[in-house]
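First comes the structure, then the notes that go with it.
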Amino acid sequence: MNIESGLYPLGRVLLGVFVLSAAVVYSYQVQAATDQPPIPRGVPMKSWQENGRDGRYLLQLIKGKAPKAGKAVIGTVTSDTDCDADAEGLSHCHNTIKLANGSEFTVIDSHNMHMNRCLGAEDRLSLTAMSGPWIMGTLVTK
């Protein structure tokens, strides 16, 4: 009886499990690095790391109704929550914004809080809706 030939299939199975595990881990890391939504065309940002620079924030609507496209309105931030950073150092803060007409909506502000500050309660923004769920917000000085 040849003992080595009996172990050969087990070695192949273990090798296969190792290769498959390595592939799963690699694909997870690649996906995690690209989990950010694509930046819409026409927005002068190359990456989400720049969001908030010079007081300009690209915001993603997640609840409520956005202002009409192309028309700037003033809104006031009423909350800033869920600001934990992800693996890329980006925070995905949830901000509720109230308009002068009383309507409210919630957005995600993806930004690097070590480079550009979070939007905070009482911040005033000039808001312009873009295509899809996107809104451009610019801080208004008091």
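Here is a yes/no grid of residues against (1) in contact with an Asp or Glu (Cβ under 7 Å, 6 or more places away or on another chain); (2) part of a strand (DSSP E or B):
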residue: 93; (1), (2): yes, yes
residue: 109; (1), (2): no, yes
residue: 118; (1), (2): yes, no
residue: 121; (1), (2): yes, no
residue: 132; (1), (2): no, no
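For region 75-103, give me each residue that is surrounded by 15 or more Cβ atoms within 10 Å (Cβ to Cβ) and of a type in the set (Asp, Glu).
80, 88
Please tell me if residue 61 is assigned to a strand (DSSP E or B), more than 18 Å from the chain's Cα centre (by Cα) and touching a residue at least 24 places away in the same chain (Cβ under 8 Å).
Values: assigned to a strand (DSSP E or B): yes; more than 18 Å from the chain's Cα centre (by Cα): no; touching a residue at least 24 places away in the same chain (Cβ under 8 Å): yes.
The answer is no for residue 61.
Each value in this text was obtained by applying a stated rule to the coordinates, not by laboratory testing. No experiment lies behind these values; they were computed from the predicted model shown. For neighbour counting, all protein chains shown are included, and Cβ atoms are generated from backbone atoms with ideal geometry for every residue, glycine included.
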